[in-house]
Amino acid sequence: MRPIKAPERTLKTTDHNLFRGSLVHCAGRRLAVIHQHMKQLLTLITGLFLLTSVTTCKPIRFLNATTSKPDEVQRVEMAYGKLARQSMLVYTPPNPRATVFFFYGGSWIKGKASEYEFVGRTLSKRGLQVVIPDYRLYPDVQYPVFLEDSAEAVTTAICTPGLIKTGKWVAMGHSAGAYNAAMLALDPDWMEAFMAAIDGDPKRGSAFDAWIGLSGPYDFLPTDSALLNGIFTAGGQGSDTQPVNHVSAGDPPAMLVHGLEDDTVRISNSKSMARHYEEQQLRVQTQYYPDTSHAATLIAFSGLGKPTDNEVVADVIRYVDQQTGSNKSRWQTGCP
């Protein structure tokens, strides 16, 4: 967004005061330029730091320092399985409006829920309950184990008495995590055990009111990437691994967020998903941000991004409220 320029006014004063006013005006303009350059530099440093963290497997939890710990939000860490990576963090504000299940990215090879506390804090301070699951990673596991873990985390959270405070659920993720969110929302097989437990019908549509993908890969096979082939095709898996191939009538609404400067996950992934949604006459909202990179749609939740990046948070919260704003919940909390 371009800054709004204040209207100029004619100064009726002495030459001395006019000269002094010009100096003040000039100094003000220089300060504004310096301030803008400093913000751009901070954004660049943050992006480079995050990129370095991702590529060298160093934690990105430095972004956690940019968000304060809200006193009124309860933070709980709990296990959903017996293995080390089968745990999750839950952030619960007073009287949450909806519950967001956030899946982090990392190419299915790295990441930890504690590194993404800034996402939980930012959303919970705005009245949303947030669940951030860990899941097992490649090369210890291949597809579909990380989806099985993700589904088990959601099921365990919902079925734990008193843990989930709303019956309005949104799946959300960034990058590889957006893939996880999409698959859980679109393919009922992953949530089959939960659906059977909660209403006896394992095939009754999606468990989620909506899903949100931030810079996600939904249509990326075939690929020359040895990593992706190792994760998805080594076991003979193919088109069934692609979220776009699971879009069908009755799927929940989707919000697809992508930066136009994303050179990590091509925007064609979001455009393909949107096209599949439109072919099924399903509700889909696309948000394509100019001058926005792959990492920027995540950095936005730390508050360090450019003004355009920070619009992501407002747009996401607005979308969650639109899709879950009804007074009636689709589900009851807890399992029979």
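Only the coordinates and a few stated rules stand behind these numbers; no lab work does. Just so it is clear, the model here is predicted, and its values are computed rather than measured. As a convention, Cβ positions derive from the backbone with ideal geometry for all residues, glycine included, and neighbour counts pool all protein chains shown.
A compact table of results
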{"read-out": "Sorted by Cβ neighbour density within 10 Å, fewest at the top, the residues Glu72, Glu192", "value": "Glu72, Glu192"}
{"read-out": "Rounded D (µm²/s) - segment 59-324, Kirkwood Rh over Cα pairs, Stokes-Einstein at 25 °C, 0.890 mPa s", "value": "134"}
{"read-out": "Peptide ranges 238-246, 270-278 listed from the most packed, as the mean C-beta count within 10 angstrom indicates", "value": "270-278, 238-246"}
{"read-out": "Gain in span if fully extended, Thr223 to Arg75, counting 0.36 nm per residue against the direct Cα distance", "value": "49.3 nm"}
{"read-out": "Dimensionless Rg/Rh of segment 214-255 - Kirkwood Rh, Rg from C-alpha atoms", "value": "1.03"}
{"read-out": "Relative exposure of Ile164, Ile317, judged by other C-beta atoms within 10 Å (fewest first)", "value": "Ile317, Ile164"}
{"read-out": "Å³ per residue enclosed by the Cα convex hull of segment 227-326", "value": "124"}
{"read-out": "Linear extension gain, Lys82 paired with Gln281, 0.36 nm per residue minus alpha-carbon span", "value": "67.5 nm"}
{"read-out": "Alpha carbon centroid spacing (whole Å) that separates segment 103-141 from segment 272-308", "value": "18"}
